[in-house]
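**Student:** Following this message is one structure expressed as C-alpha cells.
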Amino acid sequence: MTDTANAGTSSDDSDELARRIAGLMPRAQTDLAELVAIPSVADPRQYPPEKCRQAAEWVAAAFTEAGLRDVHLEETPDGSHAVIGHRPPPPGAPTVLLYSHYDVQPPLDEAAWESPPFALTERDGRWYGRGAADCKGNIVMHLTALRALGGDVPVGLKLVVEGSEEQGTGGLEQYLPPHAGELHADALLICDTGNAAVGVPTATTSLRGVTNVVVTVRALAGDLHSGMFGGPAPDALAALIRMLDSLRDADGGTRIDGLDHTGTWSGVGYDETAFRADAGVLDGVRLTGSGTVADRLWARPAVTVLGIDCPPVVGSAAAVPATARARVSLRVPPGAEARAAQDALIAHLEAAAPWGVLVDVEREGAGSPFRAATGGPAYAALDRAMREVYGAPMSFLGQGGSIPLCNVLAATYPDAEIILMGVEEPRCLIHAPNESVDPGEIAHMAHVEALFLRHFADSGRR
C-alpha cells in the first residue's frame with residue numbers, strides 16, 4: 001500500500017478526494033449522457049439487441065480506462081452479456097466486488113416525458129433520462145470513485161455489470177454459481193439502491209421477494225348477448241373482479257389467507273407526507289393498509305394486479321364475457337418464503353372463486369426476500385465513510401423491490417458482507433416517466449465509495 005493509501009483516513013485526504021470528484025463531475029455528466037443515449041432495454045421485442053451490446057462495450061471500455069484489468073464480456077445463460085473485470089489486491093488487502101447493471105426499463109409512455117427519455121437533460125438541478133439513476137447513474141458513481149482514487153486503490157476489485165436485471169430473466173444468477181471463484185470478494189457493493197432521501201446516508205438492508213401468477217377464469221363456452229342471457233349467465237370478468245377484490249381488506253391492505261400481515265419495520269421510517277409526495281398520491285386519496293408507511297412497504301406482503309385481459313372499453317360489445325385473465329404480483333417480506341407465499345396466493349384465489357367458475361393459475365418465477373447482516377467490518381467502514389461525507393450516521397432502509405441476485409450471492413459467498421447502496425433516492429422516479437438523478441448524490445456517493453475502499457482496506461487487512 002502506498003503512503004497516500006496509508007494516510008487515507010485523514011480529513012485532508014477526504015477533502016482532497018472531494019475536490020477531485022468535483023473536478024470529475026463534468027466528465028461524469030458526459031459519461032452519463034453517452035450511456036443514457038443507448039436504449040439498452042434487454043427485450044428484443046422492443047429494442048434491437050445490439051443496443052445492449054453497445055452499452056456493454058461502453059462499460060467495458062470505461063472500466064478498462066479506469067484501471068481494471070481483463071475487462072471483457074461474458075455471455076450468460078439468458079443470452080445477455082455481463083461485463084467482468086478485476087484488479088488484484090495489494091499484499092494482504094481484502095477484495096471488493098463492484099456491481100451494477102447497464103440494462104434499463106423501457107420508457108413506457110413517452111408522451112409523459114418532459115424531455116426525450118434517451119437524451120440526458122438537465123432541469124431544475126437534476127439530470128433526466130431513462131437509466132439516469134437506475135442503474136447507469138450507479139455505473140458512473142463507480143467510475144467517478146475509481147478515477148478520484150487514480151492508481152491508488154488500496155483493495156482488490158472485482159467488477160460485474162449485468163445486462164438483463166430489469167427483465168428478470170436471471171442470466172447473472174444462473175452464471176454465478178459455476179463461476180463462483182471469478183467473482184469472489186470479501187465485501188460486495190450491490191449498487192442498485194440509494195439513500196432514503198437526498199442527503200440522508202443510507203444502506204438498504206432488507207428487500208422484499210416477489211412472486212407472480214396469471215389467473216384465468218372460464219365460465220361459458222363463448223361470449224353471450226347480455227340482453228338475451230345476462231342475469232343468470234355467469235360473468236367471468238365479474239367473477240375475476242370478486243376474486244381480486246378478496247385479496248384486500250376494507251382499508252386496502254393485503255389480506256391473503258396463510259400470510260402474516262402484521263410485520264413491523266425497525267429501521268429508518270418513511271414520513272407519510274413525504275411518501276405521498278414521492279408516490280404522487282392525489283389530494284384526497286387515502287393510503288391503503290394500516291401500520292406505518294415503512295411497515296407496509298418493507299415488512300408486510302403487498303399484492304398488485306399488474307394487468308387484466310378483458311374487452312377494452314372502445315370496441316366492447318353488449319356481451320357477457322366467457323373468460324377473463326389477470327396477472328397478479330405479490331411482494332414477499334423478509335421472514336416469509338417466496339414459494340410458500342405463492343402457494344398461499346394460489347389457494348386464496350381458488351377458494352375465492354364464486355359460482356363454480358373454472359380457475360386455472362399459471363405460476364411465474366419466485367424471488368426470495370433478503371436481509372443483510374450488518375455487524376461486520378465492511379458496514380463499519382461504510383458508516384465511517386458516510387459520516388465523513390454527509391455529516392450524519394448511516395441509516396438502514398428497506399426496499400419494497402426485489403433483487404434476486406442478492407440471495408444467490410449470499411448462498412455462493414456466505415462469508416462475504418453484502419451492502420446495497422447507490423444514487424437512487426425517491427425523487428429519481430425509477431421505472432417511471434421522467435426518471436432523474438441528483439448529480440450531488442453521484443458526487444457524494446462516489447466520495448463515500450472511495451473512502452469506503454480506503455477504510456475497508458485498513459479494517460480488512462490480513
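**Student:** For a quick size check, give me the Cα extents of the stretch 1-113 along its three principal axes, largest first, whole Å.
**Tutor:** The principal-axis extents, from largest down, are 53, 34, 18 Å.
**Student:** Counting Lys and Arg as +1 and Asp and Glu as -1, what is the net charge of the other residues whose Cβ lies under 12 Å from the Cβ of residue 70? Before the final figure, lay out the partial values.
**Tutor:** Numbers: positive: 69, 87, 158; negative: 74, 182.
Combined, the nearby Lys, Arg, Asp and Glu give +1.
**Student:** Taking θ as phi - 60°, what are the ³J(HN,Hα) couplings along the stretch 294-308 by the Karplus curve (6.51, -1.76, 1.60), each to the nearest whole Hz, with x for Gly and Pro?
**Tutor:** Values per residue, Gly and Pro as x: 5, 4, 5, 7, 10, 10, 9, x, 9, 9, 9, 8, 7, x, 10 Hz.
**Student:** How high is the FRET efficiency from residue 198 to residue 114, r the C-beta distance, R0 22 Å, rounded to 0.05? Don't skip to the end; give the middle numbers.
**Tutor:** Numbers: r = 20 Å, r/R0 = 0.90.
Given R0 = 22 Å and the Cβ-Cβ separation, E is 0.65.
**Student:** OK, next. Which value in Å is the Kirkwood Rh of the stretch 58-143 over different Cα pairs? Provide the component values of the computation, followed by the final result.
**Tutor:** Values: mean 1/r = 0.0660 Å⁻¹.
Kirkwood hydrodynamic radius for the stretch 58-143: 15.2 Å.
**Student:** How much accessible surface area, in Å² rounded to 10, belongs to the heavy atoms of residue 173 with a 1.4 Å probe?
**Tutor:** Ignoring ligands and nucleic acids, residue 173 comes out at about 40 Å².
**Student:** Let me ask another. Give me the tail of P(r) for the stretch 152-219 as a percent: Cα-Cα pairs with distance above 19 Å. All intermediate terms of the calculation are to be shown ahead of the outcome.
**Tutor:** Numbers: 1351 of 2278 pairs.
Of all Cα-Cα distances in the stretch 152-219, 59 percent exceed 19 Å.
**Student:** Ordered by residue, what ³J(HN,Hα) values in Hz, to whole numbers, does the stretch 107-114 give under the Karplus form 6.51 cos²θ - 1.76 cosθ + 1.60, where θ = phi - 60° and Gly and Pro are x?
**Tutor:** Karplus-based 3J(HN,Hα) across the stretch 107-114 equals x, 6, 7, 5, 5, 7, 7, 7 Hz.
**Student:** I need the fraction of alpha carbon pairs in the stretch 238-328 separated by more than 18 Å, rounded to a whole percent.
**Tutor:** Numbers: 2393 of 4095 pairs.
In whole percent, the long-distance tail amounts to 58.
**Student:** Quick one: net charge of residue 329's neighbours, Cβ under 14 Å, K/R +1, D/E -1?
**Tutor:** On the way: positive: 208, 248, 327, 331, 363; negative: 362, 364.
Value of the local net charge: +3.
**Student:** Please give the net charge around residue 255, taking every other residue with its beta carbon less than 12 angstrom from that of residue 255, where Lys and Arg add +1 and Asp and Glu add -1.
**Tutor:** Numbers: positive: 248, 300; negative: 245, 249, 251, 257, 260.
It works out to a net charge of -3.
**Student:** Relative to the Cα centre, what is the charge dipole magnitude of the chain, using +1 at the beta carbon of each Lys and Arg, -1 at the beta carbon of each Asp and Glu, and rounding to the nearest 20 debye?
**Tutor:** With only Lys, Arg, Asp and Glu charged at Cβ, the dipole is about 400 debye.
**Student:** While we're on this one: Please report the equivalent ellipsoid semi-axes of the stretch 180-269, computed as sqrt(5 x eigenvalue) of the Cα gyration tensor, largest first, in whole Å. Let's see the in-between values first.
**Tutor:** On the way: eigenvalues 426, 76, 34 Å².
For the stretch 180-269, the ellipsoid semi-axes come out as 46, 20, 13 Å.
**Student:** If you don't mind, another one. Largest first, what is the accessible-area ranking of 182, 272 with a 1.4 Å probe? The partial results should precede the final answer.
**Tutor:** Numbers: 182 60, 272 90 Å².
Ranked list, largest accessible area first: 272, 182.
**Student:** Take the Cα atoms of the stretch 107-234, find their three principal axes, and give me the spread along each one in whole Å, biggest first.
**Tutor:** 80, 45, 26
**Student:** Using modelled amide H (1.01 Å from N, peptide plane; none on Pro or chain starts), what sits under 5 Å from the amide H of residue 40, excluding residues fewer than 5 places away?
**Tutor:** 104
**Student:** Please report the orientation-averaged projected area of the chain, defined via the convex hull of its C-alpha atoms, in nm². Before the final figure, lay out the partial values.
**Tutor:** Values: hull surface 92.7 nm².
Projected over every direction and averaged, the Cα hull of the chain covers 23.2 nm².
**Student:** Compute the accessible area per residue over the stretch 422-462, keeping the other protein chains in place, probe 1.4 Å, unit Å². Don't skip to the answer; put the middle values down first.
**Tutor:** Working: 1150 Å² over 41 residues.
That works out to 28 Å² for each residue.
**Student:** Let me ask you something else. With every protein chain left in place and a probe of 1.4 Å, what is the accessible surface of residue 325, to the nearest 10 Å²?
**Tutor:** 100 Å²
**Student:** Can you compute log10 of I(q)/I(0) for the stretch 11-57 with the Debye formula, treating each Cα as one identical point scatterer, at q = 0.16, 0.23, 0.28 Å⁻¹?
**Tutor:** Here log10 of I(q) over I(0) equals -0.58, -0.77, -0.92.
**Student:** Turning to a different aspect of this structure: Using a Förster distance of 30 Å, how high is the FRET efficiency between residue 352 and residue 43, based on the Cβ-Cβ distance and rounded to 0.05?
**Tutor:** On the way: r = 33 Å, r/R0 = 1.10.
Once the sixth-power term is evaluated, E becomes 0.35.
**Student:** Moving on. Could you rank 305, 313 by how accessible they are, 1.4 Å probe, largest area first?
**Tutor:** Values: 305 65, 313 130 Å².
These residues rank, largest area first, as 313, 305.
**Student:** Could you compute Rg(Cα) / (2.2 N^0.38 Å) for the stretch 29-174, with N its residue count?
**Tutor:** 1.07
**Student:** Another question about this same structure. Per 5 Å bin, what is the whole-percent P(r) computed from every C-alpha pair distance within the stretch 306-462?
**Tutor:** Spelled out per bin, shortest first, that is 1, 7, 11, 13, 13, 13, 11, 8, 7, 5, 4, 3, 2, 1, 0, 0.
**Student:** Label points 7 Å out from Cα along the Cβ direction at residue 364 and residue 225: separation in nm?
**Tutor:** 3.9 nm
The values are calculated or read from the model by the stated rules, or taken from the named source; none is laboratory data. Just so we're clear, the structure is a prediction, and the values are computed from it rather than from any experiment. Neighbour counts are summed over all protein chains in view; Cβ atoms, including those assigned to glycine, are modelled from backbone coordinates with ideal geometry. For the accessible areas, the whole protein counts, side chains as well, though only heavy atoms, and no ligand, DNA or RNA atoms are used. Shrake-Rupley method; radii C 1.70, N 1.55, O 1.52, S 1.80 Å.
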